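**Q** This structure is in structure tokens; I'll ask about it shortly.
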Amino acid sequence: MRLLVLGGTEFVGRAIVEDALARGWDVTVFHRGRHEAPEGVGVLHGDRTEEGGLTALATGEWDAVVDTWSDAPGAVTATARLLADRVGHYAYVSSRSVHGMPSAPGADESAPTVKPAPADEGDDYARAKRGGEVAAEEVFGDRALFVRAGLILGPYENIGRLPWWLNRIARGGPVLAPGPRDLPLQYIDARDLAAWTLGAVEEGSGGPYNLVSPSGHATMVELLEACREVTGSDAEFRWTDPRVIEAEGIRPWMDLPVWLPPGEMHETLHQGNVDRALATGLRCRPVIETVADTWAWLRSIGGEAPQRPDRPSLGLDPEVERRVLGL
């Protein structure tokens, strides 16, 4: 397979590139040059937000393209049109956010979606992703695949969720652990997303697929205990009622990454239907493997994960944690 990856140097894009190389595919990455491309790929440079930024893609043919774009959908439109006659299949890494928030627990791919963003607007993440789907479909039709990812974890994470928990638990001592302990989580390791996506590309699959683990693939306690095990920490988890946490002004998802208390938002982000992806080969590795490999990667780069400039820093202020725990 000849694969073109738009991006391919960070997190999900990098996981896709590494999986494709492991399969023996011929991989080309098109990116802005801000980060080093993985070894073994062809490299094209350009900025999709600038006039003439797609010039490097004016020639060349590929069996498939994978696009992880998450800004104004006009970039997807322009790229898809340019590649329409020279690429066989267009895989767009989208998001379950296109169904809006909150959405019903157990929602599958047929659930209503938000209105797509205009070509030049990218401020609303959900609408921008939906706009990207529409743009790809308008050009490629049933040759367009929409990978509607949920919460993504794993090595190369540049959002700060699992890296924050790992570093916090590695420091040890009393840790504010958000309850309930057995709260089910739904997430996808970026490498499992990559493996499924490339398999779907090979099969020529089209249309939307929710791409995340089954709900309860891990629980909150299993995630945090995995962090403690791989870091060798003496952390003591102080399991805290969600009502106490929210009364203290601590923000779910932001101050305590991954975690959402029982309720509408948990139902939206941790209780989606993934039957279609499971029926087409989705396999999700154990939580301990995701955590251990992320910790190994984090240590290999000095302990601090890269941070996407368009995303806020995550994590609980140590002073707030001590206050809530009465320390």
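**Q** Could you list all residues from the stretch 178-212 that are open to solvent by 10 Å² or more (accessible area, probe 1.4 Å), of a type in the set (D, E, K, R) and within 20 Å of the chain's Cα centre (by Cα)?
**A** Scanning the stretch 178-212 gives Arg191, Asp192.
**Q** Also: Among the residues of the stretch 168-177, is any open to solvent by 10 Å² or more (accessible area, probe 1.4 Å), at positive phi, modelled with pLDDT of 95 or more and within 22 Å of the chain's Cα centre (by Cα)?
**A** For the stretch 168-177, residues open to solvent by 10 Å² or more (accessible area, probe 1.4 Å), at positive phi, modelled with pLDDT of 95 or more and within 22 Å of the chain's Cα centre (by Cα): absent.
**Q** Of all strands (runs of 3 or more DSSP E) completely enclosed by the stretch 137-254, which ones contain at least 2 residues that are among the acidic types (Asp, Glu) and free of Cβ contacts under 8 Å to residues at least 12 places away in the same chain? Steps first, please.
**A** Working: elements: 144-149, 151-153, 174-178, 187-189, 207-211, 236-240.
Passing ranges: none, list empty.
**Q** Another one. Taking the condition among the aromatic types (Phe, Trp, Tyr), over 26 Å from Ile159 (Cα atoms) and buried (at least 16 other Cβ atoms within 10 Å of the Cβ), does Trp25 pass?
**A** On the way: among the aromatic types (Phe, Trp, Tyr): yes; over 26 Å from Ile159 (Cα atoms): yes; buried (at least 16 other Cβ atoms within 10 Å of the Cβ): yes.
So Trp25 fits the description; yes.
**Q** Among the residues of the stretch 101-122, is any part of a helix (DSSP H, G or I), touching a residue at least 12 places away in the same chain (Cβ under 8 Å) and either under 15 Å from Arg148 (Cβ atoms) or of a type outside the set (S, T, N, Q) (or both)?
**A** No, the stretch 101-122 contains no residue that is part of a helix (DSSP H, G or I), touching a residue at least 12 places away in the same chain (Cβ under 8 Å) and either under 15 Å from Arg148 (Cβ atoms) or of a type outside the set (S, T, N, Q) (or both).
**Q** State all residues of the stretch 299-318 that are small (Gly, Ala, Ser) and part of a helix (DSSP H, G or I); if no residue qualifies, say none. Reasoning before the result, please.
**A** Our first condition is that a residue be small (Gly, Ala, Ser); within the stretch 299-318, this holds for 300, 302-303, 305, 313, 315.
Ser300, the sole residue that qualifies.
**Q** Of everything in the stretch 255-267, what is in a helix (DSSP H, G or I) and open to solvent by less than 10 Å² (accessible area, probe 1.4 Å)? Give them in sequence order.
**A** Once the filter is applied, which keeps residues that are in a helix (DSSP H, G or I) and open to solvent by less than 10 Å² (accessible area, probe 1.4 Å), the stretch 255-267 yields only His266.
**Q** Residues in the stretch 284-300: is at least one of a type in the set (Lys, Arg), more than 17 Å from the chain's Cα centre (by Cα) and at pLDDT 95 or above?
**A** Yes, the conditions are met somewhere in the stretch 284-300.
**Q** Just to be sure I understand, how many residues within the stretch 213-249 are hydroxyl-bearing (Ser, Thr, Tyr) and open to solvent by 50 Å² or more (accessible area, probe 1.4 Å)?
**A** Number satisfying all stated conditions: 1.
The values are calculated or read from the model by the stated rules, or taken from the named source; none is laboratory data. These numbers were taken from a predicted model, which means no experiment stands behind them. Every residue, glycine among them, receives a Cβ derived from its backbone with ideal geometry; neighbour counts consider all protein chains shown. All accessible areas refer to the heavy atoms of the entire protein, side chains included, with ligands and DNA or RNA removed. Shrake-Rupley method; radii C 1.70, N 1.55, O 1.52, S 1.80 Å.
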